[in-house]
1. Looking only at strands (runs of 3 or more DSSP E) that fall completely inside the range 56-125, which ones have 2 or more residues that are buried (at least 21 other Cβ atoms within 10 Å of the Cβ) and either touching a strand residue (DSSP E or B) at 6+ places or on another chain (Cβ under 8 Å) or of a type in the set (Lys, Arg) (or both)?
2. Can you tell me which of 145, 150 is closer than 30 Å to residue 7 by Cβ and touching a residue at least 60 places away in the same chain (Cβ under 8 Å)?
3. When you check residue 181 against the structure, is it outside the structural domain of residue 95 (by TED's automatic domain parsing) and assigned to a loop (DSSP other than H, G, I, E, B), yes or no?
4. Tell me yes or no: at least one residue of the range 126-142 is more than 15 Å from the ligand (Cβ to nearest atom) and modelled with pLDDT of 95 or more.
5. Given the criterion assigned by TED's automatic domain parsing to the domain that holds residue 22, closer than 30 Å to residue 204 by Cα and of a type in the set (Val, Ile, Thr), identify the matching residue among 97, 92, 87.
6. Looking at 213, 144, 150, 165, which one is outside any loop (DSSP other than H, G, I, E, B) and out of contact with any helix residue (DSSP H, G or I) (no Cβ under 9 Å at 6 or more places or on another chain)?
7. Just one of (1) surrounded by 12 or more Cβ atoms within 10 Å (Cβ to Cβ); (2) touching a Phe, Trp or Tyr at 6+ places or on another chain (Cβ under 9 Å) trips up residue 133, so point out which.
8. Which of the residues spanning the range 170-227 are among the aromatic types (Phe, Trp, Tyr) and at pLDDT 95 or above?
Amino acid sequence: MKIDIITVVPELLESPLSHSIMKRAREKGLLEVNLHNLRKWAINKYGQVDDYQYGGGAGMVMMCEPLVNAIEELQKDTSYDEIIYMTPDGGTFNQRTANNLSLKENVLIICGHYKGIDQRIRDHYVTMEISIGDYVLSGGELAAAVVVDAVGRLLPGVLNDETSALTDSFQDNLLAPPVYTRPENFNGWEVPAVLLSGDPKKVDQWRYEQSLANTRLRRPDLLKDDL
Ligand code: ADE
């Protein structure tokens, strides 16, 4: 999968996407991430990409021209399945969206800054708008890193144990069951006996019951959703 990202602060994305599982995914060639600095398409030698908003009010707006030039140049090489704009007024990101996006081949992500991007870009280019939650970040970069991480780890071959993404929280609209590792007894705190039983059916049943109980207790709303 290839993800191109347009940003005015590429530095904010470099580190989160260059370590651990994302690093491995990129090294294995399973995930290609390209950061494009919007200033490359600035309208003047001062690197201008934003301007005051019509109608007045505080905050700058990212201009049409640099964004259109950036998008159109990138589109010469790639036909995008989605052009995503990261914005707090987008649809809330969840595991279902991550699963769907992981099936796409080419995705372009636009990170907004300041007051956001000119509405005409949203109207004429953007095919999907994503928020990572009901709070406002200083820009779309950290949100884009969240999306790339959540999607990248789902790509076949990225995780060592292919089944481990399947047992994540939310994968069946259930939270994950509790997990334990050595020692069996730590300070008198015992690992549940069923996990030491060596009976995979019993273990599966216990995990399912724990998942269900956890979800009922902490996120009953998930059980009402139709994933
Ligand atoms: N940009 C600013 N806040 C954001 C959010 N919550 N989600 C996605 N992009 C954003």
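1. Numbers: elements: 60-62, 82-92, 106-111.
Where strands (runs of 3 or more DSSP E) fall fully within the range 56-125 and carry at least 2 residues being buried (at least 21 other Cβ atoms within 10 Å of the Cβ) and either touching a strand residue (DSSP E or B) at 6+ places or on another chain (Cβ under 8 Å) or of a type in the set (Lys, Arg) (or both), they are 82-92, 106-111.
2. Numbers: 150 fails: touching a residue at least 60 places away in the same chain (Cβ under 8 Å).
Residue meeting the stated conditions: 145.
3. Details: outside the structural domain of residue 95 (by TED's automatic domain parsing): yes; assigned to a loop (DSSP other than H, G, I, E, B): yes.
Yes.
4. The initial filter retains those residues of the range 126-142 that are more than 15 Å from the ligand (Cβ to nearest atom), namely 127.
Restricting the remaining residues to those that are modelled with pLDDT of 95 or more gives 127.
Scanning the range 126-142 turns up at least one residue that is more than 15 Å from the ligand (Cβ to nearest atom) and modelled with pLDDT of 95 or more.
5. Numbers: 92 fails: closer than 30 Å to residue 204 by Cα; 87 fails: closer than 30 Å to residue 204 by Cα.
When all the criteria are applied, what remains is 97.
6. Numbers: 144 fails: out of contact with any helix residue (DSSP H, G or I) (no Cβ under 9 Å at 6 or more places or on another chain); 150 fails: out of contact with any helix residue (DSSP H, G or I) (no Cβ under 9 Å at 6 or more places or on another chain); 165 fails: outside any loop (DSSP other than H, G, I, E, B).
Result: 213 is the single residue among 213, 144, 150, 165 that is outside any loop (DSSP other than H, G, I, E, B) and out of contact with any helix residue (DSSP H, G or I) (no Cβ under 9 Å at 6 or more places or on another chain).
7. Exception for residue 133: condition (1).
8. From the range 170-227, those among the aromatic types (Phe, Trp, Tyr) are 170, 180, 186, 189, 206, 208; that's our starting set.
Answer for the range 170-227, where residues must be among the aromatic types (Phe, Trp, Tyr) and at pLDDT 95 or above: 180, 186, 189, 206, 208.
The values are calculated or read from the model by the stated rules, or taken from the named source; none is laboratory data. What you see is a predicted model; the values in this text were computed from it and never measured. Cβ coordinates were reconstructed from backbone atoms using ideal geometry, including for glycine residues, and neighbour counts include every protein chain displayed.
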